[in-house]
Amino acid sequence: MTQNEQMAELLFPQIHELPSDVEARYPARTLPEGAKVTRFAPSPTGFVHIGGVYQALIDERLAHQSGGVFYLRIEDTDARREVSGAAEALLRTLDVYGIRPDEGVTLDADGNLADRGKYGPYRQSERAEIYQTFAKQLVREGKAYPVFSSPEELEQALAADKKNENKTKDWASTAEETRRTMLENRTITPEQAKQALDAGKSFVLRILSDGDGEKKQKVTDLIKGDLELPVNDEDFILLKSDGIPTYHFAHAVDDHLMGTTHVVRGEEWLPSLPKHLQLFRYLGFRPPKYLHTAQVLRREENGAKKKLSKRDLGAGMADYAALGYPSESVCEYLLTLLNSNYEEWRSANPDAPYTDFPFSIKKMSGSGCLVDFDKLNDISCGVIAKMTAEEVYERLLAWADAYDAPFAEALRADPSRAVALFAIGRGGKKPRKDFGCWKQAKEFVKCFFPAYFTIEEPLTEYDPSDVKEVLERFLAVYDPADDADVWFEKVKQIASSLGYCTDRKAYKADPGAYRGSVADVSAFLRVALTGRRNSPDLHAVMRALGQEETLRRLNGFLAQL
Ligand code: GLU
């Protein structure tokens, strides 16, 4: 036995398999030419970030557009950060957005977690032996070595490494420490290791880097293009003292065994890419292609873009659900961020599902995901405008059931009136675009529900007796059976007989000659009926309210004058 082999046996006596045994259980996938295998690999921390959904949508589109496989892996190697139920909640959220993994950790029909597919287990916490099998091989080949420590030393080393692993590289603070560790421990002999083990010490496993940190290497990112990054010369940790891998090691082993062809992940991992490429080389694996997505930004009041913090509105997917943005609006919005030609495609294909859009990596913008509610709202108004009144009712009700019980009750009290209201201005070439989310929909329609009706915009600038005169005249001729033309004729007649101008141009030319215009007359009716200065077509509103409620509102308003 060589020294390295002795070391491998000492460190991993429980591992009896060889990498080739593991490989045999993960045969190459048989997929059509060009098919992409992607994965979404979240840590189950309980917070579903918009940046995650953005990445997952890229994964899903790339795989499904190419006849490939999209799978979900749970990266739960940090038990301290784990939140119970988080994986289920995450999968439910993805499902809402139509992002459904073919394989990996999925939800079964009862909503429970279930591993699906032949490349599992798909939870990293269940893969310890697999990582250790490859770790043992690296030790056998002299490419990794143990660093023993007492529990306190260990805590410190881990904290330093954590800092280095996830964030942009913090060389200044950790380089010194790492270099010292490297020099002191690289030459450890099996005898020394045995002594440490006998003394009850634990070890972390570090890679023995062959890189020259003074040099740069070319790497290719499919979004960012060709880049030059410093070669990795750091003996970073592969296995922590509990035998659980760091992100770096798990990434290399899992994405290799599971056959990932394209890794989509946040750009905070880009500085670690040389580490990963080194690992793939050490392990004899072919690296996947990488797409590093830019961090999520938000726009400040002054127009500048700033990093979105976890506490900002729109960082968590729960915000979109609470505001009531239809999932397809959010997906369309994300697609406009992903491919600059999406909007053009959408106007040429107004009725096609967004999944028909030919998403392309080449057209991806490197500037990443911007949370911009104005834009989202704009898109969403268009999405909702295409829904039928019944669909609007159903979906608004589902939202209200989850977030606004009293409003749900109001909607349920009179479904046909609600549907009639949503039907106003719907259909046709230029449908109304009054609301982009269900919360706005509530604001828009609540005045039509008796429980919510108040005079929000009173007619303070008018003389009450003028208003009274108009409303009384209207009540005298009101006939719920009137069609729109007859109704409008009646309003015009009332207007002109009371000295209000019914010709916009004439009024503009000489406003002093009239008591006001027909717009004032409409405003009186509108405020009496809706409490507001703006509303959909008044005749349609009266129809939807019905005779009884129309009369109740007009008389109620008159009584207050
Ligand atoms: N668990 C990693 C993260 O949440 C995944 C990164 C990756 O996709 O490789 O950042």
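Rolling a 1.4 Å probe over the protein heavy atoms leaves TRP269 with an accessible area of roughly 30 Å². Among rounded, prolate and oblate, which fits the range 202-282 when a ≥ b ≥ c are the square roots of the eigenvalues of its C-alpha gyration tensor, a/c under 1.5 means rounded, and a/b larger than b/c means prolate? Oblate, because a/c is 1.5 or more while a/b does not exceed b/c.
Taking ARG123, ARG39 and ordering them by how much accessible surface each has at a 1.4 Å probe, largest first, produces ARG123, ARG39. Checking the cross-link pairs LYS433/LYS505; LYS386/LYS439; LYS136/LYS201; LYS310/LYS362 against a 23 Å limit on the alpha carbon distance flags LYS433/LYS505; LYS310/LYS362 as lying beyond it. A DSSP coil position with no more than 10 other Cβ atoms inside 10 Å describes the following GluC sites (Glu not before Pro) in the range 210-257: GLU214. Loop-located trypsin sites (Lys or Arg not before Pro) across the range 202-234 with a Cβ neighbour count of 15 or fewer within 10 Å are LYS215, with loop assigned by DSSP. Ranking LEU205, LEU475 by solvent-accessible area of protein heavy atoms (1.4 Å probe, all protein chains present), from largest to smallest, gives LEU475, LEU205.
Of all beta bridges that DSSP places with both ends in the chain, some 55 percent have antiparallel geometry.
Per-residue packing, averaged as other Cβ atoms within 10 Å, sorts the ranges 73-82, 433-442 into the order 433-442, 73-82, beginning with the highest. In straight-distance terms, cross-link reach from LYS216 covers every one of the lysines whose alpha-carbon lies under 24 Å from its own, apart from those fewer than eight places away in the same chain; here that gives LYS143, LYS162, LYS163, LYS167, LYS169, LYS224, LYS275, LYS289. In order along the range 273-287, the phi-based Karplus estimate (6.51 cos²θ - 1.76 cosθ + 1.60, θ = phi - 60°) of 3J(HN,Hα) comes to 4, x, 4, 5, 5, 5, 4, 4, 5, 4, 7, x, 9, 7, x Hz; Gly and Pro are listed as x. Is the C-alpha gyration tensor of the range 343-382 telling us rounded, prolate or oblate? Criteria: a/c under 1.5 is rounded; beyond that, a/b larger than b/c is prolate, otherwise oblate. The shape class here is oblate.
Rounded to the nearest 10 square angstrom, THR187 shows an accessible area of 100 square angstrom against a 1.4 Å probe.
Roughly speaking, what is the centre-to-centre gap between the range 214-269 and the range 13-69 when only Cα atoms are used, to the nearest Å? The two parts, judged by their Cα centres, are 15 Å apart.
Cα centroids of the range 433-450 and the range 469-505: how far apart, whole angstrom? Using only Cα atoms, the two centres lie 28 Å from each other.
Counting only protein heavy atoms and a 1.4 Å probe, the chain has 47 square angstrom of accessible area per residue. Most tightly packed first, judged by the mean number of other beta-carbon atoms within 10 Å of their residues, the peptides 447-457, 86-96 read 86-96, 447-457. Need one word for the chain: rounded, prolate or oblate. Basis is the Cα gyration tensor (sqrt eigenvalues a ≥ b ≥ c); a/c below 1.5 gives rounded, then a/b vs b/c decides. In terms of gyration-tensor shape, prolate. How much accessible area does CYS501 have with a 1.4 Å probe, in Å² rounded to the nearest 10? Number for this one is 10 Å².
Per atom type, the chain shows carbon and sulfur on 50% of its accessible surface, probed at 1.4 Å. Within the same chain, aspartates and glutamates fewer than 8 places from LYS429 are excluded, and of the rest, those with a Cα less than 15 Å from its Cα are ASP351.
Loop-located trypsin sites (Lys or Arg not before Pro) in the range 454-511 (DSSP state other than H, G, I, E, B) with a sparse environment of at most 11 neighbouring Cβ atoms within 10 Å are absent. Each part gets one Cα centre, and for the range 289-321 versus the range 517-538 those centres are 40 Å apart.
The values are calculated or read from the model by the stated rules, or taken from the named source; none is laboratory data. Bear in mind the structure is a predicted one, so any value in this text is a computation, not a measurement. Because the Cβ atoms are built from the backbone with ideal geometry, glycine has one as well, and the counts that use them run over all protein chains shown. For the accessible areas, the whole protein counts, side chains as well, though only heavy atoms, and no ligand, DNA or RNA atoms are used. Shrake-Rupley method; radii C 1.70, N 1.55, O 1.52, S 1.80 Å.
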